[in-house]
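Student: One structure coming up, written as structure tokens, with questions to follow.
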Amino acid sequence: MKRNILFCGVILIVFIASCTQKTKETEEINRVENTLKSVSFLEDSIGISSSELLSIFDRINEKIDSIGYPDAGYKLWVIQGDSIKNLRFMVEGYWPNQAIYDTIHNNKLYQTTMTSADQQIMNKLRTISYYRFSVVK
């Protein structure tokens, strides 16, 4: 009886380990390297909360996922320090390549994501600078 329990335990451990390995392999296969970045620095003179702005980018990222590109989207960063008055946010865009960037930005789902309230918030921010980068290979 003890031998059967031990054998079943070993089989269970082997099964769990093999499932975990397959999950890791699948994640690595589906991972897309981003070769295009955009960075915007935003000035906020009226004090928009970072959580309010983050919720806008979360909704945009959900639409990008639904279009079929979960490895693309935006990250919001809060700038630390006070070296430049009112400069509060950095928005990082990350994209697999220019063609996918264009596909996403031309998609109706992406274009209709922001509500009028979201647009009002974004209009209160002023883009100080915008940069695009491509990876060197």
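Student: Let me check I've understood the local charge: for THR113, count other residues with C-beta under 12 angstrom from its C-beta, Lys and Arg +1, Asp and Glu -1. What total comes out?
Tutor: Neighbour charge sum, excluding THR113 itself: -1.
Student: Sum up the charges of everything whose Cβ sits under 15 Å from the Cβ of ASN123, counting Lys and Arg as +1 and Asp and Glu as -1, but leave ASN123 out.
Tutor: -2
Student: Near LYS63, within a Cβ-to-Cβ distance under 15 Å, what is the net charge of the other residues, with Lys and Arg +1 and Asp and Glu -1?
Tutor: -3
Student: Which whole-Hz ³J(HN,Hα) couplings does segment 57-70 yield from phi under the Karplus relation 6.51 cos²θ - 1.76 cosθ + 1.60, θ = phi - 60°, glycine and proline marked x?
Tutor: So the J values, rounded to whole Hz, are 5, 4, 5, 5, 5, 4, 5, 4, 4, 5, 6, x, 10, x.
Student: Can you work out the Karplus-derived ³J(HN,Hα) for every residue in segment 125-135? Use 6.51 cos²θ - 1.76 cosθ + 1.60 with θ = phi - 60°, whole Hz, and x for glycine or proline.
Tutor: 9, 10, 6, 7, 7, 9, 10, 10, 9, 10, 5
Student: Quick one: if the Förster radius is 30 Å, what FRET efficiency do LYS124 and GLU33 give, using the C-beta to C-beta distance and rounding to 0.05?
Tutor: My answer for the efficiency is 0.30.
We did not get these values from a lab; they are worked out from the coordinates using the rules stated. Here the structure is a predicted model, which means the values were calculated and not measured. Cβ: placed from backbone, ideal geometry, glycine included. Neighbour counts: every protein chain shown.
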